[in-house]
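Structure first, commentary second.
The values are calculated or read from the model by the stated rules, or taken from the named source; none is laboratory data. Here the structure is a predicted model, which means the values were calculated and not measured. Note that each Cβ is placed from the backbone with ideal geometry, even for glycine, and that neighbours are counted across all protein chains shown.
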Amino acid sequence: MKNTIQNRVAALRNEINKTGVDAWYISGTDPHSSEYLPKRWETREFIAGFTGSYGMVAVTAEKAALWTDTRYFLQATEELEGTGIDMMKLRVTDAIAPEKWLGMNLPAGSKVGLDAQTVSINDFRNLQKGLLKQDIELIETPDLLEAVWADRPEIPNDKAFELELQYSGVSRVEKQQKIAAELATRKADLHVVSMLDELAWLYNLRGSDIPYNPVFTAFAVVGKNVYVLFVDPVKIDEELKAKLEADGVQLMHYNEFYDYLAGITGKTVFVDPSTLNYAAYSALEANNEIVEGTSIVAILKALKNETELAGFRSAMKKDGVALVEFLYWLKETIGTHPLTDYELGVKLAEFRSKQDGFKGESFPPIVGYKSRGALVHLHIGPDDGKPLEADGVVLFDSGGQYLDGTTDVTRTVALGAVSDQFKTDFTLTLKGMIALTQAKFPYGVKGCHLDILARQALWEHGMNYGHGTGHGVGHFLNVHEGPMAIRLEYNENLMLPGQVLSNEPAFYREGEYGLRTENMMVCVERETTEFGRFLGFDTLTLCPIDTSLIRVELLSEKEKAWLNDYHQWVNEELKPLLDEKYHAFLDELTKPV
């Protein structure tokens, strides 16, 4: 594989030379700013062999580098070894950004090329600004990988399907009208929609173009009496086409999107510069006024309606049943039958698959046993599973896609004896999860204001973790969604009632272990006082937390009360749904501390 990567980089350098640029930049995403990608757009993995879900690559005549964040430092170092591609760190204090690295490795007056369809407006501008400071020009080029990637996959032609109103709660006609009304408040005529989960939500459609994400490949332009969906006709059968057209949706071919944009003149067009690709922006900007902001669809999609929230609660019960059955199986199997960490991930999916409405996993399961637990987003294949023993702990982060909701849960469970240090680390991290769960805050608070609650107990002991604390979760959609987040970095989007988020503080000791406890929660109204509106969070996830790992003396009375109340709720919700053989086991897992 290492030789293959070297050959691909050499072939790309040949194309770079033919194009007349001095380097080429690969954003690592697709024309829709997707996190998980169709095979066609797995450009980062193709050129570098790195399998993580985040990173970008730059190639010059002499050097090549890949950038990623703390989740993947160890994984990237291993996967890039022997390829000739350097691993570069992002989102740490000593990071050398791609534009700075390019300036260090190219003379003034050089040109850096990229495929503008695969980089957002913001990323293009930031890269351009950084390069201009070093007298380097950023230019749009064709997709050079077309000439290098001989058997490059096509965009999937899987059929899209309708998500019925009983699950979506609001019709696409109402959603389109709401978008048009929101555009009017922004004095804009049209909104360009490019994120695949936004399109799926807006049109109450789902698909299977991307593993783990029930989306289909498309673009849209929406405005008052303008509802154009750009999608390959093979994806829309005649019955669905008739329904869409009856709801006022005009269907055009996916490949007509950029020409359509170029034909728009004299309009005020609303775009999200963090997600719309730069090629789309280029097609619009000369003949129209551009208004920029967070995608209207993203904001509305994040505010789950009552039907969607009821669906989440239903999905959580199904997930909870599967997880208790899985934990029982694990207890019975560990130490008595051979078992690898890879097989554990497969088994999680097997238990979920027995539940009604299960449509697959919501992301590749992350299973970290002992030192592998410190690899934050580790993905284990069938050929690199390692044996599990009745010793130490295993972390598993997994989720399911159900017709009525999406789940994401992490538990760290004991397989045998653990150290006192581990128990201390686990308890301090759990204190952070509980603190964020119990947060009560005034309207207007952003995720960065809340993040400290999850870290405070760790910080007091000189400890920290390098990733965010909470991400949005879609409704039978992407397990990671915006626009809000709970993390140290500033995000202008408020915490609002109806948003569903993860709550996942963590701690990792490199070479020893990793631990994380993750629940999903929904932002809710708490009360209105003379000092304003106050919000909080209600927990959605139903799964026992391993109390054998807790140093109870480190918990406050309030924290113990929360934990005991949570376990009582888990017991009451799941026991009626479980076969009787699991009842005593569930009682043991949820007994008070």
TODO: Please state which one of LYS347, LYS331 is in the same structural domain as PHE426 (by TED's automatic domain parsing) and in contact (Cβ under 8 Å) with a residue 24 or more places away in the chain.
DONE: LYS331
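Can you spot a residue in the stretch 333-344 that is within 26 Å of THR68 (Cα to Cα) and touching a Leu at 6+ places or on another chain (Cβ under 9 Å)? Outline the logic, then answer.
Here is the first cut: in the stretch 333-344, the ones within 26 Å of THR68 (Cα to Cα) are 341-342.
Those still in the list that are touching a Leu at 6+ places or on another chain (Cβ under 9 Å) too: 341.
Yes, the conditions are met somewhere in the stretch 333-344.
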- [ ] Scan the stretch 407-430 and give yes if some residue there is in contact with a helix residue (DSSP H, G or I) (Cβ under 7 Å, 6 or more places away or on another chain), polar (S, T, N, Q), assigned to a strand (DSSP E or B) and crowded, with 19+ Cβ neighbours inside 10 Å, otherwise no.
- [x] yes
Task: When residues of the stretch 133-165 are limited to those that are loosely packed, with under 13 Cβ neighbours inside 10 Å and hydrophobic (A, V, I, L, M, F, W, C), the one modelled with the highest pLDDT - done: LEU165
TODO: Working only within the stretch 45-80, note down all residues that are assigned to a loop (DSSP other than H, G, I, E, B) and free of Cβ contacts under 8 Å to residues at least 60 places away in the same chain.
DONE: GLY49, PHE50, TYR54, GLY55, ALA61, GLU62, LYS63
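Filter the stretch 203-245 down to residues that are part of a loop (DSSP other than H, G, I, E, B) and among the polar types (S, T, N, Q) and give me whichever is nearest to SER362 (Cα to Cα). Write out each step before concluding.
As a first pass, look at the stretch 203-245 and keep what is part of a loop (DSSP other than H, G, I, E, B): 204, 207-209, 211-212, 214-218, 224-225, 231-232, 236-237.
Then keep just the ones that are among the polar types (S, T, N, Q); that gives 204, 208, 217, 225.
Details: ASN204: 18, SER208: 12, THR217: 18, ASN225: 35 Å.
Applying the filter and picking the extreme gives SER208.
Here's a check for you: in the stretch 263-284, which residue that is of a type outside the set (Val, Ile, Thr) and out of contact with any strand residue (DSSP E or B) (no Cβ under 9 Å at 6 or more places or on another chain) is surrounded by the most Cβ atoms within 10 Å (Cβ to Cβ)?
At the first step, the residues of the stretch 263-284 found to be of a type outside the set (Val, Ile, Thr) are 263, 266-267, 270, 272-274, 276-284.
This time we only want the ones that are out of contact with any strand residue (DSSP E or B) (no Cβ under 9 Å at 6 or more places or on another chain), so: 263, 283.
On the way: GLY263: 10, ALA283: 20.
Among residues in the stretch 263-284 that are of a type outside the set (Val, Ile, Thr) and out of contact with any strand residue (DSSP E or B) (no Cβ under 9 Å at 6 or more places or on another chain), the one surrounded by the most Cβ atoms within 10 Å (Cβ to Cβ) is ALA283.
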Task: Cβ-Cβ under 8 Å pairs, at least 6 apart or on other chains, the stretch 367-387 side of a type in the set (S, T, N, Q), far side surrounded by 23 or more Cβ atoms within 10 Å (Cβ to Cβ) - done: SER371/TYR513
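It is to be established whether one or more residues within the stretch 447-454 are buried (at least 24 other Cβ atoms within 10 Å of the Cβ), among the aliphatic types (A, V, I, L, M), under 21 Å from the mean Cα position of the chain (by Cα) and more than 30 Å from PHE216 (Cβ to Cβ).
Narrowing the stretch 447-454 to residues buried (at least 24 other Cβ atoms within 10 Å of the Cβ): 447, 454.
Subsequent filtering for residues that are among the aliphatic types (A, V, I, L, M) retains 454.
Subset that is under 21 Å from the mean Cα position of the chain (by Cα): 454.
Now drop any that are not more than 30 Å from PHE216 (Cβ to Cβ), which leaves 454.
Yes, the stretch 447-454 contains at least one residue that is buried (at least 24 other Cβ atoms within 10 Å of the Cβ), among the aliphatic types (A, V, I, L, M), under 21 Å from the mean Cα position of the chain (by Cα) and more than 30 Å from PHE216 (Cβ to Cβ).
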TODO: Would you confirm whether any residue within the stretch 318-334 is in contact with a helix residue (DSSP H, G or I) (Cβ under 6 Å, 6 or more places away or on another chain) and assigned to a loop (DSSP other than H, G, I, E, B)?
DONE: no
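So which of ASP546, ASP579, ASP587 is closer than 19 Å to THR410 by Cα and either out of contact with any Cys (no Cβ under 9 Å at 6 or more places or on another chain) or surrounded by fewer than 20 Cβ atoms within 10 Å (Cβ to Cβ) (or both)?
Details: ASP579 fails: closer than 19 Å to THR410 by Cα; ASP587 fails: closer than 19 Å to THR410 by Cα.
After ruling out the rest, the residue left standing is ASP546.
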TODO: For the stretch 82-99, state whether one or more residues are among the polar types (S, T, N, Q), more than 25 Å from the chain's Cα centre (by Cα) and within 28 Å of ILE380 (Cβ to Cβ).
DONE: yes
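Could you identify the single residue in TYR281, TYR328 that is under 30 Å from ALA584 (Cα atoms), more than 23 Å from the chain's Cα centre (by Cα) and not hydrophobic (A, V, I, L, M, F, W, C)?
Numbers: TYR281 fails: under 30 Å from ALA584 (Cα atoms).
So the residue among TYR281, TYR328 that is under 30 Å from ALA584 (Cα atoms), more than 23 Å from the chain's Cα centre (by Cα) and not hydrophobic (A, V, I, L, M, F, W, C) is TYR328.
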Task: Test: ALA298 is among the small types (Gly, Ala, Ser), at pLDDT 95 or above and buried (at least 23 other Cβ atoms within 10 Å of the Cβ) - done: no
